[in-house]
Amino acid sequence: MLLVLVGLLFLPTVLTGPPTIVMQRSVDPVLEGSDITLECVSSVDEDMSGYVFQKYSKWMQTWVQLDQPNTFRCWYYDVNVTREGGRLMLNVKDVHSWHAGPYRCVSINSSSNASTSDTFTVPVYYLRDILLSQMNSWCGTMDDTLIVKEGSDVEIRCSAQSSQTPIYEWSKEGEDWIKVSDTLKLVKVLKEQSGTYTCQARNPAVFSLVKRKSVHLTVISSEARAVYGSLSLFSMSTPHLVMAIAVPALALLVVSIIISIFIKRHRRSQDEKKMALDEAGQRSPIYRGSLESVPSVVGDTQPLVI
């Protein structure tokens with residue numbers, strides 16, 4: 001009898017339990033670019049037609065219903081809600097970091113907390129392409145070739161966007177050393193240190209997520225500057241060259257526009273003054289004895305001008 005009473009006490013809690021979001025994994029872990037499916041399930045409702053999926057929008061600072069066709073559909077990150085056989089499914093194709101969530105499942109027929117699931121965040125793992133940048137440089141970004149003068153210092157930083165902080169390693173082609181760091185530093189570089197250096201980035205949570213990028217370093221002596229031309233210009237990467245050309249060209253364009261506006265305004269002012277003088281010169285003379293003249297006792301031979 002006591003067990004029956006205890007069961008009756010806890011029965012309402014069980015029957016009114018909140019829904020739950022479960023993920024049907026096609027791959028484990030979830031890598032960026034894969035497809036995922038979330039399902040809202042309930043221990044009391046077999047028909048989930050009274051429930052909806054919601055995603056929290058950081059931009060709007062509110063929860064947004066995902067199966068409402070309206071003008072803000074683009075903010076739902078290209079998800080698809082399906083309802084078949086009483087089931088409620090959320091399908092996301094080509095998942096990216098912005099698809100992570102959080103999500104929740106809510107009953108549209110109740111406002112109590114028991115009708116809302118816990119928030120669910122999809123653990124998306126990713127590692128994006130590597131970016132190499134030259135330190136102590138006015139531009140920073142660099143191409144796959146770097147030419148420096150012998151005796152100078154070289155400092156190249158390796159970076160990549162990742163779901164977890166990557167592990168960076170530097171190595172040189174033809175040599176067996178590895179430096180565990182995101183920065184390659186060569187002090188007073190020698191010609192013998194010319195070669196191809198490679199940075200490798202690895203996601204520590206998923207070792208299969210690996211990216212590599214190489215840069216070829218050429219060290220030249222002072223005598224070789226006549227062969228290579230201007231070292232500062234020759235050693236520029238593509239972004240450097242673009243900025244070196246684009247910035248002066250843009251400045252020249254702005255100056256040309258300002259001068260053109262000034263010339264046009266000056267010409268307009270001169271034209272207005274000339275028109276005023278022409279109007280003044282077109283006034284008709286009044287002769288003595290004409291209908292427009294005024295009787296006078298003084299004889300004159302010159303016309304009066306208005």
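The values are calculated or read from the model by the stated rules, or taken from the named source; none is laboratory data. Computed from a prediction, not measured in an experiment: that's the story for all the values here. No Cβ is skipped: glycine too gets one built from the backbone with ideal geometry, and neighbour counts run over all protein chains shown. Just the protein is used for accessible areas: all its heavy atoms, side chains included, with ligands, DNA and RNA removed. Shrake-Rupley method; radii C 1.70, N 1.55, O 1.52, S 1.80 Å.
Tabulated data for the structure shown
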read-out	value
The stretch 151-169: number of residues that are buried (at least 17 other Cβ atoms within 10 Å of the Cβ) and assigned to a loop (DSSP other than H, G, I, E, B)	2
All positions within the stretch 15-64 that are open to solvent by 20 Å² or more (accessible area, probe 1.4 Å), closer than 19 Å to Pro102 by Cβ and of a type in the set (A, V, I, L, M)	Val22, Met23, Val41, Met60
Cβ pairs under 6 Å, 6+ apart, first in the stretch 132-151 and over 17 Å from Lys188 (Cα atoms), second outside any loop (DSSP other than H, G, I, E, B) and modelled with pLDDT under 90	Ser133/Thr141; Cys139/Pro239; Cys139/His240; Cys139/Met243; Thr141/Pro239; Met142/Gln134; Asp143/Thr238
Boolean, Lys172 is open to solvent by 60 Å² or more (accessible area, probe 1.4 Å) and either of a type outside the set (Phe, Trp, Tyr) or under 24 Å from the mean Cα position of the chain (by Cα) (or both)	no
Residues that are modelled with pLDDT of 90 or more, part of a loop (DSSP other than H, G, I, E, B) and either of a type in the set (S, T, N, Q) or surrounded by fewer than 17 Cβ atoms within 10 Å (Cβ to Cβ) (or both), drawn from the stretch 123-149	Pro123
